[in-house]
Each structure stands twice: as structure tokens, then as C-alpha cells.
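Data block below; observations after.
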Amino acid sequence: MLVVHVHVHVKPECVEAFREASLENARQSVQEPGIARFDVLQQRDHPTHFVLVEAYRTEADPARHKETAHYQHWRDAVAGMMAELRQSTQYVNCFPDDTGW
């Protein structure tokens, strides 16, 4: 399992639009067979900061996700909402293992 944390800092005036676009992307993403989990987190004390937590079943699934129409729509829709470039960090899941999802 590959887990990706995407850190996003959003312009204050775009918080609600970003949140809604990201929630819609998440709703559609969890329908993909290669995605085990997709969380949209908003920092409580800094509401312009978000973390997207994406859990993929295989190493190939992130690329497949980026080919979907809903991801491409999200990417284009939120591009102008970000206060700075988003950053991602990849992790290997240690526990639970793949059978625990």
C-alpha cells in the first residue's frame, strides 16, 4: 500500500470552494478500484491548510488516478485557489497491512 499526503495552502477567499471541489473529488476517487481510502483534512487552527490523504493499493494506482476525468477537473478547478504550490510526501504502509483495509 502506498499512502500519499498532499499538503495544500489555500488562499483565504477560496477555502470553501477548495473544500467543496476536494470533497467532490474524494467522493469520486473512493469509487476507483485502486484507491483504498481518500481523506480530506482541514487544519483546525489554520483553516487555509489542508491535507489530502490518499491510500493506493499498488504503486501504479496514483498514475491511474491522475488519468481520471474527476481528478483532472479538480486539478484545473483548484489551480488558482492555492496560495503556494501543493507538496506531496509518499509513505509505505506498515500497519495495518493490505489485508487490514
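The values are calculated or read from the model by the stated rules, or taken from the named source; none is laboratory data. The model shown is predicted, which means the values in this text are computed figures rather than measured ones. Neighbour counts run over all protein chains shown; Cβ positions are idealised from the backbone, glycine included.
Here are a few things to note about the model shown:
Residues are listed down the side, and each one gets a yes or a no for (1) of a type in the set (D, E, K, R); (2) surrounded by 16 or more Cβ atoms within 10 Å (Cβ to Cβ); (3) closer than 25 Å to Cys94 by Cβ; (4) within 11 Å of the chain's Cα centre (by Cα):
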{"residue": "Ser22", "(1), (2), (3), (4)": "no, yes, no, yes"}
{"residue": "Ala26", "(1), (2), (3), (4)": "no, yes, yes, yes"}
{"residue": "Val30", "(1), (2), (3), (4)": "no, no, yes, yes"}
{"residue": "Gln42", "(1), (2), (3), (4)": "no, yes, no, no"}
{"residue": "Ala60", "(1), (2), (3), (4)": "no, no, yes, no"}
{"residue": "His73", "(1), (2), (3), (4)": "no, no, no, no"}
{"residue": "Ala77", "(1), (2), (3), (4)": "no, yes, no, no"}
{"residue": "Gly80", "(1), (2), (3), (4)": "no, no, no, no"}
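- Residues in the range 70-101 that are touching a helix residue (DSSP H, G or I) at 6+ places or on another chain (Cβ under 9 Å), of a type in the set (A, V, I, L, M, F, W, C) and more than 16 Å from Phe18 (Cβ to Cβ): none.
- Given (1) under 12 Å from the mean Cα position of the chain (by Cα); (2) within 12 Å of Met82 (Cα to Cα), index of the condition Pro12 fails: (1)
- The number of residues in the range 44-58 that are surrounded by 13 or more Cβ atoms within 10 Å (Cβ to Cβ) and under 25 Å from Ala17 (Cβ atoms) comes to 8.
- So Phe38, is it surrounded by 13 or more Cβ atoms within 10 Å (Cβ to Cβ), within 25 Å of Met1 (Cα to Cα) and touching a Phe, Trp or Tyr at 6+ places or on another chain (Cβ under 8 Å): no
- Of residues in the range 42-101 being of a type in the set (S, T, N, Q) and part of a helix (DSSP H, G or I), the one farthest from His7 (Cα to Cα): Thr99
- Qualifying positions in the range 82-100 - surrounded by fewer than 10 Cβ atoms within 10 Å (Cβ to Cβ) and either in contact with a Pro (Cβ under 6 Å, 6 or more places away or on another chain) or modelled with pLDDT under 95 (or both): Val92, Cys94, Phe95, Pro96, Asp97, Thr99, Gly100
- Matching residues in the range 1-22 - criterion: being of a type outside the set (Lys, Arg) and either within 14 Å of Gln72 (Cα to Cα) or not in a helix (DSSP H, G or I) (or both): Met1, Leu2, Val3, Val4, His5, Val6, His7, Val8, His9, Val10, Ala21, Ser22
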